[in-house]
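For reference, the structure discussed in these notes is given below.
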Amino acid sequence: MTEQARSGRSLWGGHFEADPAPLMTQINASIGFDKRLYAQDIVGSMAHARMLAAVGILSPTDRDAILDGLERIRGEIERGEFVFTTELEDIHLNIESRLTDLVGEPGRRLHTARSRNDQVATDFKLWVRDAMDRADARLKELQRVLLGLARTHAATVMPGFTHLQAAQPVTFGHHLMAYVEMFGRDRSRFQDARRRLNESPLGAAALAGTSFPIDRAMTAADLGFDRPMANSIDAVSDRDFALDYLASAAIAAVHLSRLAEELVLWSTPQFGFVRMPEAFTSGSSIMPQKRNPDAAELVRGKSGRILGDLQALLVVLKGLPLAYSKDMQEDKEGVFDAADSLELSLAATAAMLDGITVFPERMKAAAGVGYTTATDLADWLVRVKGVPFREAHGIAARAVKLAESKGCGLEDLGRDELAGIDARIDAGVFEVLGVERSVASRRSFGGTAPERVLEAVAAAEARYL
C-alpha cells in the first residue's frame, strides 16, 4: 500500500491534523461504485495531459510518462490486477495514486489546472454518453425484431382493444408497429439528450476556472465533445445530462412495461395469442402445468426501479445551491442501476420476441368476439347511404342488440333482419361485416389494412434501420 493510500486525506488534507473517522471514510468513499468510470477517467486524464503539454505547462517527457502510466493502469484494471482502496475515496484518487507510484513526479503534476469537480463531471458525462449510445443500439435491435414480426403478420387479424375490451379488428402487424414508433421516439429522446450533453466541463476546475493558460477547446475536441461548456459554475453544477438520461430511460421503460404486460396477457390460456419461448419462462415448484412468463414480468417490474432512479436524483438535486456539493456523489448509482436495468430489459424483450410463437387462428377467432365490426356497419351506412353518423351509430347499436339476443355475430344476421332494423340496409353491408373485410377497409394512412402495414414496415425500416 502506498503512503498516499495509508492516509486517505494525503492528497487533499495538508492542513488537517486528524485522520477521518472510520464512519466518515465509509460514507465519503465512492470507489465501490465509481470505479465503473475508470475508462473515462483515464481518457479524460490523457486528454488533460496532452493539453497541458501543448500549452507548455507539462514537458513532453512528463506527458509521455503520464500517458504510459495511464495505459499501464488501464491494463491492470482490465486484467483485474488493480487494487482499489476505500481510503483513497474515489476512482480519481485511486488512479492518481497508482500513477504516482508508477511514474513518480510527473504523476503529481497531472492534476494541474483541474479539480475533482470538473474531472468527475467529465468522466460521468463520457460514461452517460456511452450509455445513451448503448441504449440507442439496443432499441434499434428491438425495432428490428418487431419489424420482422410485423412484416410476417401484416394480415394476421386480432382484436384491437380499448379499456381492455374488444373494440375493432386490427392486425397483429399493425399492433406491433405501434411499439416500433414508440421505441423510435425513445431513440430520438436519447439522441436529443446526447446532443445537449455534448459539451465539455473539463477546465472549469473547482468552479471558477483556472489562472493557467489552458486550451479547453483542445480537450473538448480530444474527448469528442462539440465545445467546452460556457460557464465554469454550470460546468461543475450540471447534472441535467444524468436527468436527461434517466428521463429518457424511464419513458422507454414504461413502453417496455406496456409491451411486457401484453405479452403476459397474450400468453395466458384465456387469450392464447402467443406462446413465450421456453428459454424465457419458468415452471412452478408445485403446479406442473405452469409456464410462467417470468422474463416479461421482470421487464415490467424493472420499469419501477428505473422510474425510482429518476425520482431519486431529482430529489437529490432540487435543493442544492451552486456549485458543487457532496450530495452530487449520489448521482451515479441510480444512473448505473437504470442503465443496467434498461439494457437488460431491452435485450431480454428482443430475445423473447425473436423466439415467440404466434397463433393466428386464435387471434382471428377472438377478433370477432364482442361485435367488433359494429363501427363498420355504422361507417357503411354513412359512406354508402348518407346516414348521419349519430343516427348510424344508433342503428348499429340496435343491430348489436338483435345479434346478442340471437347469440350470433353481426355477419350472421340475415339481410331481412338487418333491413327490419333500418330499411336502408341492403346486401352490400356484408362486404364490411367480417373481421378480415373490416381490417382490409381501414386504408387510411397509418391504418390497419395489410397493405398499409407493409408500407409502414418499409418506411420504418428506411427510417430506423
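The values are calculated or read from the model by the stated rules, or taken from the named source; none is laboratory data. The structure displayed is predicted, hence computed values, not measured ones. Cβ sites come from the backbone with ideal geometry, for glycine too, and all protein chains shown count toward neighbours. Heavy atoms of the whole protein, side chains included, go into the accessibility calculation; ligands, DNA and RNA do not. Shrake-Rupley method; radii C 1.70, N 1.55, O 1.52, S 1.80 Å.
Couple of notes before you dig in:
- With contacts taken as Cα pairs under 8 Å and at least 6 residues apart, the chain reaches a relative contact order of 16 percent.
- Separation in nanometres of the label points that stand 7 Å from Cα toward Cβ, at ARG195 and ALA247: 1.5 nm
- Expected 222 nm ellipticity per residue - DSSP helices of 4 or more, -39500 (n - 2.57), all of the chain, to 500: -20000 deg cm²/dmol
- Over 20 Å (Cα to Cα) - which of LYS364/LYS385; LYS125/LYS326; LYS35/LYS125; LYS35/LYS332; LYS364/LYS401 fall in this group: LYS364/LYS385; LYS364/LYS401
- Whole-Å distance, taken between Cα centres, linking the range 244-304 and the range 80-115: 45 Å
- Carbon and sulfur %, accessible surface of the range 120-215 computed with the full protein complex present, 1.4 Å: 52 percent
- When VAL453, VAL43 are compared by accessible surface with a 1.4 Å probe, the order from highest to lowest is VAL43, VAL453.
- Residues whose amide H lies under 5 Å from that of VAL170, counting only those 5 or more places away or on a different chain, are MET158, GLY160; hydrogens are built 1.01 Å from N in the peptide plane.
- Solvent-accessible area of HIS393 with every protein chain in place, 1.4 Å probe, in Å² to the nearest 10: 100 Å²
- The residues packed around GLY272, meaning those with a beta-carbon under 13 Å from its beta-carbon, carry a net charge of +3 if Lys and Arg are +1 and Asp and Glu are -1.
- Accessible area per residue (1.4 Å probe, heavy atoms of protein chains only) ranks ASP426, ASP136, ASP226 as ASP226, ASP426, ASP136, with the largest value leading.
- Binning the alpha carbon pair distances of the chain at 20 angstrom intervals from zero yields the distribution 20, 38, 25, 13, 4, 0, expressed in whole percent.
- Column: log10 I(q)/I(0), Debye, Cα scatterers of the range 367-465, q = 0.19, 0.21, 0.25 Å⁻¹: -0.87, -1.01, -1.32
- Cα-projected label distance for LEU164 with ARG185, points at 7 Å along beta-carbon direction, nm: 2.2 nm
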